[in-house]
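Here is the structure we will look at.
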Amino acid sequence: MRKSIIEISKPETKSFSGYAELADHLKEVNDVSEWTIVRSEDTSFDGDSGANTFEAMGGDEFSCVTVSFDEGGTQVPLRYTALTSILNRCEISGDGIKKLFLSDKEYFAKHLNRYLSLKDNAKRQMLALVQDGKLSALHSKAYTPINQVDLFDLVEDYLQDFDNVEFLTAEWSWEQTQAVYEIRDNDLLSVYRKLLKKHFPGKKDCAVRMRAISSDVAEAAVRFNTFLLIGSLSLPLNGSISVKHMGKVTIETVQEKMKGVFASFEASCRSLAGLADIPIRHKKNAMIKIFTDLHIPQRYAAESCERYDNTLTNALDVYSSLAEVLIAMKGKVAASALFSYEEALARVITYPRNRWSSFDIPGVVAWGAASKALSKIA
C-alpha cells in the first residue's frame, strides 16, 4: 500500500446529513457527466510547463495537462482523479513517471502520447469520463459504469427492510461517494447483545454501522463494509462485499451482492465470538506483532500499545484494543488508506488459533522493520 508521490491537499468534498440532499447532488453530478468511447490513436495529451500556478485554470496542478480525443478537437483539462487510470491505459507505473509529471508537464504529455501509440489493437478502444468539463478517468473499454443515483437509491431502499435504520452522513468528492447508516435491528443484533453482556461489562448496547462506497474512477463500483459499535469503539467486521466495474455488471448485480452483506455479517459475528475462547498471555506483545504483521503505521500503533501491559486476556479483548488505533488515525491519514487499514484489521477476526499463538510471545518485542518502513506512507 504505497502512497502516491503526487499529493492532493484539498480535494473538493461535500457532506450531507440527509439522503435527499445526497440524491439531489448525485443527480446534478450525473447531469454534467459524459461517458464516451475513444480510440488511443485519436487521443492526444498536451502539457504546459511554463508556470506552476496556472491561474486561468484555477491553480489546479492537474489541469496543466490537457487531452483531446480527435484531431484539432477541444482540449479537456485533467482532474486529479484521472492520473491513475491514464497511467494504467498507457501501461506504465512507478515514481519516475510521477516525478516527470511534477517537473515537466510538456515532456510528461509527450511520454503519454508515445505509450498510447504502442497499444495493441485490442486495447485501443477506451472509455473516457468527462465531468463538468474535466477528464475524471480514462478506463478500458471493458469498464462498465454503474449509475450512482440508481446505486444509492438501491442501498436506501434495501435498508428499509430492517428496523431502526438511520442515515448518519454522506460525503461526496470527484473521487468517490460514501454513505453511512446505523442499524439497530433487534433480530440482527440479538447475538451481538449476548456477546456484549458476556465480554464487555458495563456496555449496555451496541449497533451496526454499514458504509457504502462507490466510485466512477476506481475499479470497484461499490464496496460495503460493516462495523460493530460498542460505546465509542468501532470494530471492523470481516466480510466486506465489493462489485467491480467489469463485464456485464448491472444494478441488479449490486442488488444480489447486497444480500450477502448481512450474511457475511452473521458469519463475522460467530468468528468474533470465537475469539473469546483463544487465550492470550502477553497482550501488549501480541498487539505489537499484529500491528507489524498488518503494516499499521507505528506512530499510531505504538500509542495504542502503550496503554497496555503483558496481561493475561483473550483474543477478543486484544482485537478490541487493536481497533482503537483507527480512532487515532482518523483525519490524519488519507480516507482510502484508512479504509484499507480497516479491512486489514477486520481480517484478524478470521485468524486461526495457531496464528494467534504465533503473536503471543514473552519477552521484549521490537517493532518489525516492515512496519517501520510502511509507517512512512500515512
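Summary of computed values
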item	result
Karplus-derived 3J(HN,Hα), 6.51/-1.76/1.60, for each residue of segment 356-365, Hz, glycine and proline x	4, 4, 5, 8, 8, 10, x, x, 9, 10
Rough spin-label spacing in nm, given labels placed 7 Å along Cα→Cβ, for Ala220 and Trp367	2.7
Cβ crowding within 10 Å averaged over residues, with 297-303, 80-86 ranked highest first	80-86, 297-303
Environment charge of Asp360, counting only residues whose C-beta is closer than 9 Å and scoring Lys/Arg +1, Asp/Glu -1	+3
Accessible area per residue, Å², the chain with all protein chains present, probe 1.4 Å	49
Where labels lie 7 Å past Cα in the beta-carbon direction, separation of Ala142 and Asn354 in nm	3.7
Accessible-area composition of the chain, carbon plus sulfur, in percent [1.4 Å probe]	47
With all protein chains modelled, accessible area of Arg79 [1.4 Å, Å²]	20
GNM flexibility winner over the chain from Thr144, Thr226, Thr36 (Cα, springs under 10 Å)	Thr36
Efficiency of FRET from Cβ geometry, Ser242 and Arg299, R₀ 30 Å, rounded to 0.05	0.55
Sum of -39500 (n - 2.57) over DSSP H runs of 4+, divided by residues of the chain (222 nm, nearest 500)	-12000 deg cm²/dmol
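The values are calculated or read from the model by the stated rules, or taken from the named source; none is laboratory data. Note that this is a predicted model, so its numbers are computed, not measured. Virtual Cβ from ideal backbone geometry, glycine too; neighbours counted across all protein chains shown. For the accessible areas, the whole protein counts, side chains as well, though only heavy atoms, and no ligand, DNA or RNA atoms are used. Shrake-Rupley method; radii C 1.70, N 1.55, O 1.52, S 1.80 Å.
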